[in-house]
Amino acid sequence: MKKTLANIISGCNPFSKKEEDNKILYSIRILLSAYLIYFLGLIIGEAVIILGSMPFGYNATDRQLPQDVMLLCSFFGYAFVIFVVILYAVKIAKLSLKSIGMNENVKTILKGMLLGILSLAIIIFILLASGVISYDGRNRDVNWLQILLFFFAFLVQSAMEEVLCRGYLLHRLKEKTGLAAAIVMNLLFFSVFHFSKLFEEGFLLGVVGVSNLVLISLIFSLLTCYDKNIYSALGFHWIWNFALYNVVGMNLSGIEAEDALFRMSVINDFLAGKGYGIESSPVTTVVLGVILFLIVLRGKGREKNGLQQ
């Protein structure tokens, strides 16, 4: 009994270098290491933010900083999570960057950005055309420096999620569990951080929001698998967040936009996803569903042509 318990603990130990053949224990080990990496990076980032705010007379722990400033600090703080992921992967897990989806083919980020812009543009067009939202004109009091900072802050924030979820987690899980199981576990890991705000607007919209999270996670995972790197998923994720928050000026995952290039008003709360934003809209569900279908078709086409390994 003691030996069995010791084997289970050893098999789940995220610092163990022992090869683990048991798929369940291996999966627990990788998931634990991902959570450990994430929270360690967050702690370091938050410590830097708190200490860095003190010389300016602010106490970040008391929410004294304006929302946009706090968001910028938080997003740039995610750089420490990226650093911890890479450090853990290279120094402890003895992995190469290529093996976690960070190869030299960075140009695929442009494809992801194009797909992200196209997806968001279609959703916004449908919402405008159907009267769900209205266009109120250009914002004439734009803080251009803040917009620029958010452009790079969303890059860091999106890179953190993609390096951790589609880079480290997906690639390590599929080594032993197979691709389908790895995608499901990666999906659950990615989604859990968004649950707290999803159901604040009611159960039905919460279900729609979860469905959209599932769809976007599947899209990101398939892009990663087909392109053999995380960059197309990163480009999609990055430009979606930035454009929705700082260009269109609509709520992003429950965060109210305060500085954007354009102004929009919500006419139909439900179809616009209420306070959570269009990421909890049924219109987004349809559009993302179509995009996922087309990506799957593209993948099957590549397999038939012998281009997919």
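Would you work out if segment 126-220 is rounded, prolate or oblate? Take a ≥ b ≥ c from the square roots of the eigenvalues of the alpha-carbon gyration tensor; rounded if a/c is under 1.5, else prolate when a/b is larger than b/c, oblate otherwise. Cα axes put segment 126-220 in the oblate bin. What segment 157-202 shows is 36 Å² of accessible area per residue, with the surface traced by a 1.4 Å probe over protein heavy atoms. Angle, helix 231-242 long axis vs. longest principal axis of the chain, Cα atoms, 0 to 90°, nearest 10? On a 0 to 90 degree scale, this one is about 30. Placing +1 on each Lys and Arg Cβ and -1 on each Asp and Glu Cβ, with no other charges, gives the chain a dipole about its Cα centre of roughly 1420 debye. Angle of helix 282-304 to the longest C-alpha principal axis of the chain, folded into 0 to 90 degrees and rounded to 10: 50°. Coupling constants for segment 146-154 follow from the phi torsions by the Karplus curve (6.51 cos²θ - 1.76 cosθ + 1.60, θ = phi - 60°), and in residue order they are 5, 4, 4, 5, 5, 4, 7, 5, 5 Hz; glycine and proline get x. When the charge dipole of the chain is built from unit charges on Cβ atoms (+1 for Lys and Arg, -1 for Asp and Glu) and taken about the Cα centre, the candidate among Leu40, Gly167, Ser211 whose Cα reaches farthest toward its positive end is Gly167. Overall form of the chain: oblate. Here a/c, set by the Cα gyration tensor axes a ≥ b ≥ c, is 1.5 or more, and a/b is not larger than b/c. Principal-axis analysis of the Cα atoms of the chain puts helix 108-129 at an angle of about 40° to the longest axis. Separation of the alpha carbons by more than 30 angstrom is noted, of Lys107/Lys197; Lys23/Lys111; Lys111/Lys174; Lys91/Lys228; Lys107/Lys174, for Lys107/Lys197; Lys23/Lys111.
With the cut-off at 1.5 for a/c, could you classify segment 176-252 from its C-alpha gyration tensor as rounded, prolate or oblate? It is oblate, given that a/c is not under 1.5 and a/b is not larger than b/c.
Peptide packing for 134-144, 276-286, 204-214 was compared via the average number of neighbouring C-beta atoms within 10 Å per residue; ordered from the highest value, the list is 276-286, 204-214, 134-144.
Among the protein heavy atoms of the chain, carbon and sulfur supply 68% of the accessible surface, probe 1.4 Å, non-protein parts ignored. Packing here is the average count of other Cβ atoms within 10 Å per residue, and on that basis the peptides 127-133, 225-231, highest first, run 225-231, 127-133. Taking all protein chains together and a 1.4 Å probe, the residues Glu161, Glu258 rank Glu258, Glu161 from largest to smallest accessible area. Using the Karplus relation 6.51 cos²θ - 1.76 cosθ + 1.60 with θ = phi - 60°, the per-residue 3J(HN,Hα) values for segment 70-87 come to 5, 4, 4, 4, 4, 5, 5, x, 5, 4, 6, 5, 4, 4, 5, 4, 5, 4 Hz, with x marking Gly and Pro.
The values are calculated or read from the model by the stated rules, or taken from the named source; none is laboratory data. It should be emphasised that the depicted structure is a prediction, and the values quoted were computed from it without experimental measurement. Every residue, glycine among them, receives a Cβ derived from its backbone with ideal geometry; neighbour counts consider all protein chains shown. With ligands, DNA and RNA removed, areas are computed over all heavy atoms of the protein, side chains included. Shrake-Rupley method; radii C 1.70, N 1.55, O 1.52, S 1.80 Å.
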